[in-house]
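Working notes for the structure below.
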Amino acid sequence: MKTTVSKGAVVRCQPNGNMEHEFIGTVVKRYENAALVTIDEFSPKDRMNARDLLFQTVIALKRMTILKAGEPERAPEEEAVS
């Protein structure tokens, strides 16, 4: 079974247009094919890039590896019909 990225997951992210080296971050919000990630650990060479991004970036799900699973995803509750 494949683990999906969810809120609170700790992930290793590949370099993208904003960061020139791999970094480790925590998923804040998941979108359809990407996630908003806080940048927790990064290369000293990317210090200015991380700072310019306010230590947050959106990155594609296919460019990240899960290091620690986040919160379990909740199934949508059915609406009660009155």
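Every number here is computed from the coordinates shown, using simple stated rules; none is lab data. Everything numeric in this text was worked out from a predicted model, so none of it was measured. No Cβ is skipped: glycine too gets one built from the backbone with ideal geometry, and neighbour counts run over all protein chains shown.
Quick rundown of the values:
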read-out: For the stretch 39-44, Karplus couplings with θ = phi - 60° (6.51, -1.76, 1.60), whole Hz, Gly/Pro x; value: 8, 9, 10, 8, 5, x
read-out: Net +/- balance of residues flanking Glu41 in space, Cβ distance below 11 Å, scoring K and R +1, D and E -1; value: -2
read-out: In the stretch 1-65, chymotrypsin sites (Phe, Trp or Tyr not before Pro) in a DSSP loop with at most 16 other beta-carbon atoms within 10 Å; value: Tyr31, Phe55
read-out: Sequence of Val10, Val37, Val5, Val27 once ranked by neighbouring C-beta atoms within 10 Å, starting from the fewest; value: Val10, Val5, Val27, Val37
read-out: Residues with amide H under 5 Å from that of Ala34, placed H, sequence gap 5 or more; value: Leu61
read-out: Neighbourhood charge, 12 Å Cβ-Cβ cut-off, centred on Ile24 and excluding it, Lys, Arg +1 and Asp, Glu -1; value: -2
read-out: Kirkwood Rh in Å, taken over the stretch 10-68 so that all alpha-carbon pairs contribute; value: 11.0 Å
read-out: Length-normalised contact order of the stretch 10-68 in % [C-alpha pairs under 8 Å, at least 6 apart]; value: 38 percent
